[in-house]
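**Student:** Before anything else, here's the structure in question.
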Amino acid sequence: MIERDEVLHVARLARLALSEQEIEAMQGELSKVLDHVAKIGELDLDGVPPSTHVVEITGALRPDEPRPCLPREVALASAPAVSDDGFLVPSPQA
């Protein structure tokens, strides 16, 4: 079973605040997920090509062909704020 500290570490990475009950529930749920992953690791997958989708997808994206850029004036025309010929964005707050 996954340890409490590991659950807290994952929760911290995900920026989640968990109650004591949620921590206990997550221990069980994450342990089940890891058990399933371990079972998959036991399979003989030699000769099975890697895939990125469960079903084959063809023609989902247009060809990547170079074409003229949008003129800067047009791109900036509807911007709420412009600075030095670029988009002005608020600075991140600490």
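Only the coordinates and a few stated rules stand behind these numbers; no lab work does. Worth saying up front: this structure is predicted, and the values here are computed from it rather than measured. Methodologically, a virtual Cβ is constructed for each residue, glycine included, from the backbone with ideal geometry; neighbour enumeration extends over all protein chains shown.
**Student:** Hey, what did the chain get for relative contact order, percent, Cα under 8 Å, at least 6 apart?
**Tutor:** Relative contact order of the chain: 17 percent.
**Student:** Under 5 Å between amide hydrogens, which residues at least 5 positions from Val82 or on another chain qualify, with H placed 1.01 Å from N in the peptide plane?
**Tutor:** Leu88
**Student:** Okay, moving on. Kindly express, to the nearest 10 degrees and within the range 0 to 90, the angle between helix 20-41's C-alpha long axis and the longest C-alpha principal axis of the chain.
**Tutor:** 90 degrees
**Student:** Which order do the peptides 23-33, 47-57 come out in when sorted by mean C-beta neighbours inside 10 angstrom, highest first?
**Tutor:** With the highest mean Cβ count within 10 Å placed first, the list reads 23-33, 47-57.
**Student:** Follow-up question, since we're still on this one. Quick one: helix 4-13 against the long Cα principal axis of the chain, what's the angle to the nearest 10°, folded into 0 to 90?
**Tutor:** Tilt of helix 4-13: around 10 degrees.
**Student:** Normalise the Cα radius of gyration of the chain by 2.2 N^0.38 Å (N = residues in it) and let me know the number.
**Tutor:** Scaled against compact globular proteins, the figure is 1.95.
**Student:** Can you compute the charge dipole magnitude of segment 25-94 about its Cα centre, using +1 on each Lys and Arg Cβ and -1 on each Asp and Glu Cβ, nothing else charged? Give it in debye, rounded to the nearest 20.
**Tutor:** Around 240 debye, computed over segment 25-94.
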